[in-house]
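Data first, discussion second: the structure below is written as C-alpha cells.
The values are calculated or read from the model by the stated rules, or taken from the named source; none is laboratory data. Keep in mind it's a predicted model, so treat the numbers as computed, not measured. Virtual Cβ from ideal backbone geometry, glycine too; neighbours counted across all protein chains shown.
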Amino acid sequence: MPGERWLSAADEHAGLFALAGTGLLAIDVLLPVPSSIVGTMLGARLGFLPGFLATFAGIMIGQVGVYAASRWLLRRRAGELPAAPTLLALFLSRPVPVLAEAMALAAGAARLSWRQFLLACGGGNAVYALALALNGAKLVPGAPIGPGLLLPMLLPVAGWLVWQRSRRSTPNGG
C-alpha cells in the first residue's frame, strides 16, 4: 500500500518528520498552520508517544514564545491593557485557532506569572496534543483518511463552544 511506507515510524526520515512537524507547530503563532492536522499526522507517522511529544513540544514552544514576547514588549503599557485572561479561559482556548495565541499574548501582556501560565497553557496543550496524537496513532493508519481527520477539525469547534459557555457562566465574562 502506498501510504504504509510514508507512515513508517522507523524509517530514516522519521526524525526529520518529527522536527519539521514540531517546527510547523512552533511557528503556528505567526503563520496559519493547521495545527490539528499537523498534530494528527505526527501521531499517525511517529506513533502515539513520539507524536504526542513532538506535538506538545511544538505547541508549547510557540505559546511560550508569544507569552514571553508580549510580557517583555508590552511591559511598559501595563496600565493600558485589559486584565489577564482567567486560567480556565487560557486552558480551554488551546485548540481554538487564533484564540489560543491571543490568550497567550494577553497573559504575557498582563504579566500573568510564569507558573500560572505554564500550568494552564501546558495542561491545555497536553490534553490537545494527547487527543491529536492518539487520533493519529489509532485512527489514521488503519482507517480511511476522512474519519481520522474528523476529530482534528471538530476539536477546535468544541473548544470554542466550551470556552463560550464558560464565558457566559462567569460573572466577569471571561
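Below is a table of values for the structure above.
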| read-out | value |
| --- | --- |
| Exclusive hit being under 16 Å from ASP28 (Cβ atoms) and of a type in the set (S, T, N, Q), set SER113, SER93 | SER93 |
| Neighbours by Cβ (under 6 Å, 6+ apart or cross-chain): first from segment 53-65, within 13 Å of GLY108 (Cα to Cα) and touching a residue at least 24 places away in the same chain (Cβ under 8 Å); second small (Gly, Ala, Ser) and surrounded by 24 or more Cβ atoms within 10 Å (Cβ to Cβ) | GLN63/ALA104 |
| Given (1) buried (at least 16 other Cβ atoms within 10 Å of the Cβ); (2) at pLDDT 85 or above; (3) not in a helix (DSSP H, G or I), index of the condition ALA84 fails | (2) |
| Flag for ARG115 being in a loop (DSSP other than H, G, I, E, B), within 20 Å of PHE56 (Cβ to Cβ) and at pLDDT 85 or above | no |
